[in-house]
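Have a look at the structure below before the remarks.
The values are calculated or read from the model by the stated rules, or taken from the named source; none is laboratory data. Predicted model, so just to flag it, every value in this text is computed and none were measured. Cβ sites come from the backbone with ideal geometry, for glycine too, and all protein chains shown count toward neighbours. For accessibility, only protein heavy atoms count, side chains too; no ligands or nucleic acids. Shrake-Rupley method; radii C 1.70, N 1.55, O 1.52, S 1.80 Å.
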Amino acid sequence: KDKFDLSAVADGDVIDELKLFEGDFSMVVKDESTRINVNKCGLTLTSQAKCKAALNALLSCPAEKEYLDRKKLNPAEVVANITDWVDNNTTVEEGSGQGSETDPYNNRVPKTTVKNSFFDSLDEMKVVAGWDSDMHKIFSPYLTVYPLPIEELTKKSGGSFLLNFNTAPRELLNCLF
């Protein structure tokens, strides 16, 4: 198949270029508000508490808890590592089982340091201590990093934890409630 790259076309020429295109377009639109936004674990204490509670609930569902037990991972430690990665401080999160935020990354090659900022993509979670490709495959359908909650950060809002319960997957709702 030939690649069709509209980003290489000047704005005024897009329509002309599309007229030359023969084929189909495919697009998937997803409601990101049906997922837990892990970036909210780095906001205000209220938002952080809600995010951590939702992640703990997701990781503690019976089948998921059994999976984590087989991997010798504690849900609270995994959530603490996610929070340490995304929060904007260097204080180790309670429950992480670490002496500092950098402890789980000290022996990594290449050298890894805690970001202390928002996740840019969901794949970035694979760098977090305790989170690997297998975990990513299982849990990423219930997580998001979009939209970046910058507006909440600048407003210093109460950090509402919004999840669209009308369209959220039943499996996620079962874990949360």
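Could you provide, to the nearest whole Å², the per residue accessible area of the chain with probe 1.4 Å?
Values: 10950 Å² over 177 residues.
Using a 1.4 Å probe on heavy atoms only, each residue of the chain averages 62 Å².
Close amide H contacts of Thr144 (hydrogens built in the peptide plane, cut-off under 5 Å, sequence separation of 5 or more or a different chain): Ile36, Asn37, Val38.
The portion of the accessible surface of the range 22-67 made up by carbon and sulfur, rounded to a whole percent, is 56 (1.4 Å probe; DNA, RNA and ligands excluded). When you count the other C-beta atoms within 10 angstrom of each residue and take the mean per peptide, 75-88, 120-133 line up highest first as 75-88, 120-133.
Summing charges over all other residues whose Cβ lies under 9 Å from the Cβ of Ala80, with Lys and Arg as +1 and Asp and Glu as -1, gives -3. Under 5 Å between amide hydrogens, built in the peptide plane, is the criterion, and for Val92 it picks out Glu101 among residues at least 5 positions away or on other chains. Length available on full extension from Leu148 to Leu20: 0.36 nm per residue minus the Cα-Cα distance, which gives 42.5 nm. Ranking Thr144, Val114, Asn74 by Cα position along the charge dipole of the chain, where only Lys, Arg, Asp and Glu carry charges on their C-beta atoms, puts Asn74 farthest toward the positive end. Structure shown: which of Lys50/Lys115; Lys65/Lys111; Lys52/Lys115; Lys72/Lys137 lie over 23 Å apart, alpha-carbon to alpha-carbon? Long pairs (Cα-Cα over 23 Å): Lys65/Lys111.
Hey, if you drop one equal point scatterer on each alpha-carbon of the chain and run the Debye formula without solvent, what base-10 log of I(q)/I(0) do you get at q = 0.19 Å⁻¹? Log10 of I(q)/I(0), two decimals: -1.22. Our note on the geometry: Cα centres of the range 56-103 and the range 110-143, 12 Å apart. The charge dipole of the chain, taken about its Cα centre with unit charges on the Cβ atoms of Lys, Arg (+1), Asp and Glu (-1) only, comes to about 680 debye.
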